[in-house]
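K.L.:
First the structure, which I've put down as structure tokens, then a few questions once you've had a look.
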Amino acid sequence: MFKFFQKLPAKIAKPGKRLFQSLRSLFKFEKIDGDALDEIERALLAADFGTKTTQEIIGEIKLAHKKEPSMRKQNALEIAAAVIRRSLSCAEAELPTVTGKPLVVCLIGVNGAGKTTTAAKLAQFFRANGKSVLLAGCDTFRAAAGEQIKTLANKLALDIVSGQSGGDAAAVAYDAYQSALARKYDVLIADTAGRLHVKANLMAELQKISKILKKLDGDVQLHNWLVVDGSLGTNSLESAKIFHGEVGLGGLIVTKMDGSSRGGAIVGIHRELQIPILFLGTGERMEDFSRFSVNGYVDALFGAE
Ligand SMILES: Nc1nc2c(ncn2[C@@H]2O[C@H](COP(=O)(O)OP(=O)(O)OP(=O)(O)O)[C@@H](O)[C@H]2O)c(=O)[nH]1
Ligand SMILES: [Mg+2]
């Protein structure tokens with residue numbers, strides 16, 4: 001079993017399931033030469049590590065090769081792993097602690113990133129860690145959205161406050177926070193509508209949610225976490241930057257890390273945004289969800305096939 005899954009209970013870990021292809025198995029060469037360097041560069045770019053990280057890795061391998069012309073694949077992999085670790089040195093973060101009032105986590109992101117699924121997974125995560133959780137169905141934009149989150153809440157026996165389709169998302173957040181305060185929930189998780197970062201009115205809606213919660217409670221512990229589809233690679237970067245500029249992001253959740261061999265996107269996204277990666281979504285099932293750890297990630301990248 002891969003270390004990636006070590007934090008998950010044995011019954012839900014999937015032995016043998018790889019998140020993405022191991023770089024070790026991708027590289028067929030043994031000795032480092034010009035062809036091998038081309039092969040490494042191609043593989044890293046194809047896996048979405050981005051040009052910065054790829055060039056750093058290639059540069060360091062070239063330097064090492066100059067000093068030690070007999071260097072082998074293993075040394076090159078060690079160099080690549082070291083560069084990736086360095087790029088992710090600030091990527092891990094503790095989760096905010098619950099301190100007597102509800103922690104509010106607002107999940108935001110572009111359409112289809114996995115916000116609603118993640119809201120349910122996250123609720124389950126907090127509950128498994130002994131916290132009481134209330135969901136807020138703040139996606140009032142799409143008619144089916146309310147049903148989707150209510151069905152999930154039902155299935156998982158989670159309490160939920162939701163609004164009418166076409167209603168005001170901030171009003172739902174307000175009601176939900178009031179409920180969470182009154183009924184002393186530890187965590188309130190708000191699922192919001194998918195939105196294109198270029199739609200000013202939709203971005204304003206997110207700011208309204210923050211504003212209305214701050215008005216209700218000046219000390220509200222509000223955390224905006226961006227849900228990013230990892231299979232889109234670094235394409236998500238532009239929108240992520242705009243979300244960060246508009247509402248300030250406290251963390252990232254990278255979803256769909258299962259369906260893609262492009263495991264490098266995490267590095268590019270984190271490098272660019274310098275925001276901690278809190279969780280990874282690794283499938284559609286509720287249990288396909290785990291805390292992000294640099295060691296786990298690097299082990300999965302470089303582990304034996
Ligand atoms: N393979 C895989 N699929 C996922 C993951 N997370 C979510 N999905 C799927 O992605 C699709 C969209 O998920 P949603 O949770 O509805 O996404 P959303 O961001 O709420 O979508 P909108 O509300 O329409 O913006 C669904 O089919 C999910 O099952 C994941 O980690 N891995
Ligand atoms: Mg949704």
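K.L.:
Kindly list, by first and then second residue, each pair from a residue in segment 110-137 that is outside the structural domain of residue 159 (by TED's automatic domain parsing) to a residue that is open to solvent by less than 40 Å² (accessible area, probe 1.4 Å) and more than 11 Å from ligand 1 (Cβ to nearest atom), limited to pairs with Cβ atoms under 9 Å and residues at least 6 apart or on different chains.
P.N.:
none
K.L.:
If I ask for residues that are among the hydrophobic types (A, V, I, L, M, F, W, C) and either buried (at least 24 other Cβ atoms within 10 Å of the Cβ) or in a helix (DSSP H, G or I) (or both), which ones from segment 108-133 would you list?
P.N.:
The initial filter retains those residues of segment 108-133 that are among the hydrophobic types (A, V, I, L, M, F, W, C), namely 108, 110, 113, 119-120, 122-123, 125-126, 128, 133.
Residues satisfying the conditions are 108, 113, 119, 120, 122, 123, 125, 126, 128, 133.
K.L.:
Also, quick follow-up: Look at segment 58-98 and say how many of its residues are polar (S, T, N, Q) and more than 30 Å from residue 125 (Cβ to Cβ).
P.N.:
Result for segment 58-98: 3.
K.L.:
For segment 242-271, enumerate the residues that are outside any helix (DSSP H, G or I), closer than 22 Å to residue 86 by Cβ and at pLDDT below 90.
P.N.:
Correct list: 257, 262, 263, 264.
K.L.:
Further question on the same structure: How many of the residues in segment 272-287 are open to solvent by 10 Å² or more (accessible area, probe 1.4 Å) and either aliphatic (A, V, I, L, M) or part of a loop (DSSP other than H, G, I, E, B) (or both)?
P.N.:
8
K.L.:
Is it the case that some residue within segment 13-28 is outside any helix (DSSP H, G or I), modelled with pLDDT under 95, under 21 Å from the mean Cα position of the chain (by Cα) and closer than 18 Å to residue 273 by Cβ?
P.N.:
Among the residues of segment 13-28, not one is outside any helix (DSSP H, G or I), modelled with pLDDT under 95, under 21 Å from the mean Cα position of the chain (by Cα) and closer than 18 Å to residue 273 by Cβ, which makes the answer no.
K.L.:
Here is a follow-up. Quick check on segment 181-200. Is at least one of its residues open to solvent by less than 10 Å² (accessible area, probe 1.4 Å), free of Cβ contacts under 8 Å to residues at least 60 places away in the same chain, farther than 30 Å from residue 301 by Cβ and not in a helix (DSSP H, G or I)?
P.N.:
Among the residues of segment 181-200, at least one is open to solvent by less than 10 Å² (accessible area, probe 1.4 Å), free of Cβ contacts under 8 Å to residues at least 60 places away in the same chain, farther than 30 Å from residue 301 by Cβ and not in a helix (DSSP H, G or I), which makes the answer yes.
K.L.:
Further, regarding this structure: Regarding segment 232-250, can at least one residue be identified that is more than 19 Å from the chain's Cα centre (by Cα) and within 16 Å of ligand 1 (Cβ to nearest atom)? Working first, answer last.
P.N.:
Step one: filter segment 232-250 for residues more than 19 Å from the chain's Cα centre (by Cα), giving none.
Within segment 232-250, not a single residue is more than 19 Å from the chain's Cα centre (by Cα) and within 16 Å of ligand 1 (Cβ to nearest atom).
K.L.:
Of all residues being part of a strand (DSSP E or B) and within 14 Å of ligand 2 (Cβ to nearest atom) in segment 134-180, which is surrounded by the most Cβ atoms within 10 Å (Cβ to Cβ)? Just the residue, please. Break it down into steps so the answer makes sense when it comes.
P.N.:
Step one: of segment 134-180, the residues part of a strand (DSSP E or B) are 134-138, 159-162.
From the residues that got through so far, the ones that are within 14 Å of ligand 2 (Cβ to nearest atom) too are 135-138, 160, 162.
Numbers: 135: 27, 136: 30, 137: 27, 138: 33, 160: 22, 162: 22.
Step by step, filter segment 134-180, then rank; the result is 138.
K.L.:
Considering each residue of segment 209-241, count those that are surrounded by 15 or more Cβ atoms within 10 Å (Cβ to Cβ), among the charged types (D, E, K, R) and not in a strand (DSSP E or B), and give that number.
P.N.:
1
The values are calculated or read from the model by the stated rules, or taken from the named source; none is laboratory data. None of these values were measured; they are calculated from a predicted model. We place every Cβ from the backbone using ideal geometry, glycine too, and count neighbours over all the protein chains shown. Ligands, DNA and RNA are excluded from the accessible area calculation, which covers all protein heavy atoms including side chains. Shrake-Rupley method; radii C 1.70, N 1.55, O 1.52, S 1.80 Å.
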